[in-house]
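Q: One structure is given below, represented as structure tokens, and several questions about it will come after.
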Amino acid sequence: MARPSSTIAFNLGMQTASAAVFQHTAEGGLELLSYRSSELIVDPAADATRNAQIEAVSTELRSALNLPKKFDATLCLPSQSVFTRFVKLPGAAAEDVASIIPFEAQQNVPFPIDEVVWDAQILGQRRGETWDVALVAIKSDQLGGLVQAAGKGGFNPGIVEFAPTALFNAFRFNYPEATGCTLLIDIGSRTTNLIFIDNDRFFSRTIPIGGNTISAAIAKEFEQDITLAEKLKIEKGIVGLGGAYAEPEDATTARISKVVRNTMTRLHAEIARSVNFHRTSHGGVSPQRILLTGAAAGMPYTIEFFAEKLQLPVGMFNPLRNVRTGPGAIPDGVKTSGLAELVGCATRSLQNCPVEINLLPPEVRAARETTRKIPRLALAALFLIATPVLWWLHLDRQATRVSDESATLAAEASRKERLAQGIATALVEKDALALEAAPFLLVATERSAWTSILDELADMLPDRFIWVTQLKPVTGPITPPEPKDKKAPPARPGSPAQPRPTDVPQGIVAIEINGLYLDNPPNSKGAGVIDEFFANLKPSAVFAIGDDMAQVITKRTTPTGEAWAYDYTLLLPLKQPIRLP
């Protein structure tokens, strides 16, 4: 299929939205024709209005770029909106791996698979006995709101990807000669994306530290609101070099530099842990160079800080290294922090794009496919309109044949009706026998109930940082399910008398779990491991876990840093209570 001669990209950052128009060159490259950006509200408290902001900003960008009211675009989402997992799968060929990826997605995505939009891609060739696979997913309702908001502003998404894959594609397009491992550090407003790039493979991790973290620290230091702190960061923010370096002469700049350095030091510690995780747990290699991008990466002395801390060559990522720039494409004073993701989006329209993950909602895909089929559907409709007479003649002949066969069918229907009455009588007898056998089947089932409960808890318990110290049965009345047919079947001679409504049997209706979770070690999830345990239990076949977390997690001690572990209590109702003698 022929590729379009131009492409439009729309990047939805957490603080800055940007859009660009690219044109394909005769050599198969890209030329930037125009670029614009617009700011979103800085304060995270305004996130509830994010979709409305996106709609307004997309309309503004469409007008600034002089685009039509409706057009196809490639949409880039921020990394914190998307769940990412990198897995290794066995298989002799790529086709074998592709066939098991849907099953892996169900196991790895922490949401019901029918509530998310997901995609996956095999990265490179097989290494040893396994293939590297990237899995990405986003909640359908969240994605639907973003796509709808962008669409109202004119940007109809044909492709939806997210920041790490866009940055990987942009790097491979601009640095095709790079070998070895490159660490691309994208310091955004809310998060920092780490993209480890090793030839045709990549591994990404998102750290919840970004430009807004620095602004929040400045706001606390100066006792100002977040908007004024953001302004101070832009006007006087630098990374303090520390050590023997002299402090800035301006007292405000000196105070800000220390705040910024403290935040950057936290970020460096997370980067060091991620490098170690990439090497030890993902089979990667240490990076040979570091490239910085993102809005906060442009702060003075950021390069020097990371070069000192990581002891590696550090530079700024140039997303236009192999991209032509048309005259006036980037107006003076317009922020270019989102340009790297836009270049990555534009490469999707080129041949041999390395990563082609697409999170376009299925309903949007179906609508686009329907639109593509409209010409053929119109031709088919014209054909149907032109041939009604032929159909009338055909149906007239068929009517005569149907009339002749109707008598035969009526007799056959009468015979089958009598058979149906006999089957209905047999089903009534079967239901009566099933009711009589139910107590015996229940006893057989309850013999293995505790084994099933312990096996289920062993499967659902997270691997690390959590223990179960006590299991307690919770007793109560067992309320029998309401029968589908409220009319009781006739009593059979010799059958036991049915219990009176007031004779409600007692039994074990729930299991109370008491235990401890660990908070202090590196890579621990803290109290979040209890949420993971709850999420694992929701699809359980043994426990009746609803959506209300508070009804299940009845106790969770808040970590204070004074103990090595903290207790918790879960109340797990049983789907099948255990009757007491």
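The values are calculated or read from the model by the stated rules, or taken from the named source; none is laboratory data. Owing to the predicted nature of the structure, the values given are computational and were not obtained by experimental measurement. Positions of Cβ are backbone-derived with ideal geometry, glycine not excepted, and every protein chain shown enters the neighbour counts.
Q: Tell me yes or no: at least one residue of the range 134-149 is among the hydroxyl-bearing types (Ser, Thr, Tyr), surrounded by 17 or more Cβ atoms within 10 Å (Cβ to Cβ) and either assigned by TED's automatic domain parsing to the domain that holds residue 368 or touching a helix residue (DSSP H, G or I) at 6+ places or on another chain (Cβ under 8 Å) (or both). Quick ask: steps written out before the conclusion?
A: The first filter runs over the range 134-149 and keeps only residues among the hydroxyl-bearing types (Ser, Thr, Tyr), leaving 140.
Imposing the further condition that a residue be surrounded by 17 or more Cβ atoms within 10 Å (Cβ to Cβ) reduces the set to 140.
Retained after the next criterion (residues that are either assigned by TED's automatic domain parsing to the domain that holds residue 368 or touching a helix residue (DSSP H, G or I) at 6+ places or on another chain (Cβ under 8 Å) (or both)): 140.
Yes; the residues of the range 134-149 include at least one that is among the hydroxyl-bearing types (Ser, Thr, Tyr), surrounded by 17 or more Cβ atoms within 10 Å (Cβ to Cβ) and either assigned by TED's automatic domain parsing to the domain that holds residue 368 or touching a helix residue (DSSP H, G or I) at 6+ places or on another chain (Cβ under 8 Å) (or both).
Q: Among the listed residues 275, 285, 259, identify the single one that is among the β-branched types (Val, Ile, Thr) and outside any helix (DSSP H, G or I). Spell out how you get there, then give the answer.
A: Values: 275 fails: outside any helix (DSSP H, G or I); 259 fails: outside any helix (DSSP H, G or I).
Of the residues listed, the single one that is among the β-branched types (Val, Ile, Thr) and outside any helix (DSSP H, G or I) is 285.
Q: I've got another one for you. Condition first: surrounded by 14 or more Cβ atoms within 10 Å (Cβ to Cβ), among the basic types (Lys, Arg) and assigned by TED's automatic domain parsing to the domain that holds residue 183. Can you find one or more residues in the range 327-336 that meet it?
A: no
Q: So, of the residues in the range 333-379 that are of a type in the set (Ser, Thr, Tyr) and within 29 Å of residue 198 (Cα to Cα), which turns out to be modelled with the highest pLDDT?
A: Going residue by residue through the range 333-379, those that are of a type in the set (Ser, Thr, Tyr) are 336-337, 347, 349, 370-371.
Now restrict to residues that are within 29 Å of residue 198 (Cα to Cα): 336-337, 347, 349.
On the way: 336: 81, 337: 78, 347: 94, 349: 91.
Ranking the qualifying residues of the range 333-379, first place goes to 347.
Q: Hey, another quick one. Within 22 Å of residue 136 (Cβ to Cβ) and assigned to a helix (DSSP H, G or I): which single residue out of 50, 85 fits that description? Don't jump to the end; show me each part of the working.
A: Numbers: 85 fails: assigned to a helix (DSSP H, G or I).
Just a single option satisfies the conditions, and that option is 50.
Q: Within the range 441-495, which residues are of a type in the set (A, V, I, L, M, F, W, C), modelled with pLDDT of 85 or more, in a helix (DSSP H, G or I) and surrounded by 10 or more Cβ atoms within 10 Å (Cβ to Cβ)? Give the derivation first.
A: To start, the set of residues in the range 441-495 that are of a type in the set (A, V, I, L, M, F, W, C) comprises 441-444, 449-450, 453-454, 457-458, 460-461, 465-468, 471, 474, 478, 488, 491.
Among the residues that remain, those that are also modelled with pLDDT of 85 or more are: 453-454, 457-458, 460-461, 465-468, 471, 474.
Subset that is in a helix (DSSP H, G or I): 453-454, 457-458, 460.
453, 454, 457, 460, listed by residue number.
Q: Continuing with the same structure: Could you grab me the full set of residues in the range 325-362 that are among the basic types (Lys, Arg) and over 24 Å from the mean Cα position of the chain (by Cα)?
A: 335
Q: OK, next. Identify, from the list 329, 340, 346, the residue that is of a type in the set (Gly, Ala, Ser), in contact with a strand residue (DSSP E or B) (Cβ under 6 Å, 6 or more places away or on another chain) and part of a loop (DSSP other than H, G, I, E, B). Show your work before the answer.
A: Numbers: 340 fails: part of a loop (DSSP other than H, G, I, E, B); 346 fails: part of a loop (DSSP other than H, G, I, E, B).
Every option except 329 fails the conditions.
For (1) assigned to a loop (DSSP other than H, G, I, E, B); (2) within 15 Å of residue 511 (Cβ to Cβ); (3) in contact with an Asp or Glu (Cβ under 9 Å, 6 or more places away or on another chain); (4) of a type outside the set (Ser, Thr, Tyr), each residue gets a yes or a no:
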residue: 525; (1), (2), (3), (4): yes, no, yes, yes
residue: 541; (1), (2), (3), (4): yes, yes, yes, yes
residue: 554; (1), (2), (3), (4): no, yes, yes, no
residue: 558; (1), (2), (3), (4): yes, no, no, no
residue: 575; (1), (2), (3), (4): no, yes, no, yes
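Q: Let me ask you something else. Going by the conditions given, is residue 253 touching a residue at least 12 places away in the same chain (Cβ under 8 Å), within 27 Å of residue 78 (Cα to Cα) and among the hydroxyl-bearing types (Ser, Thr, Tyr)? Walk me through how you get there before you give the answer.
A: Details: touching a residue at least 12 places away in the same chain (Cβ under 8 Å): yes; within 27 Å of residue 78 (Cα to Cα): no; among the hydroxyl-bearing types (Ser, Thr, Tyr): yes.
Judged against the criteria, residue 253 is not a match.
Q: Looking at the structure I just gave you, is residue 283 farther than 18 Å from residue 314 by Cα and surrounded by fewer than 20 Cβ atoms within 10 Å (Cβ to Cβ)?
A: Details: farther than 18 Å from residue 314 by Cα: yes; surrounded by fewer than 20 Cβ atoms within 10 Å (Cβ to Cβ): yes.
Considered against the rule, which asks whether it is farther than 18 Å from residue 314 by Cα and surrounded by fewer than 20 Cβ atoms within 10 Å (Cβ to Cβ), residue 283 comes out as yes.
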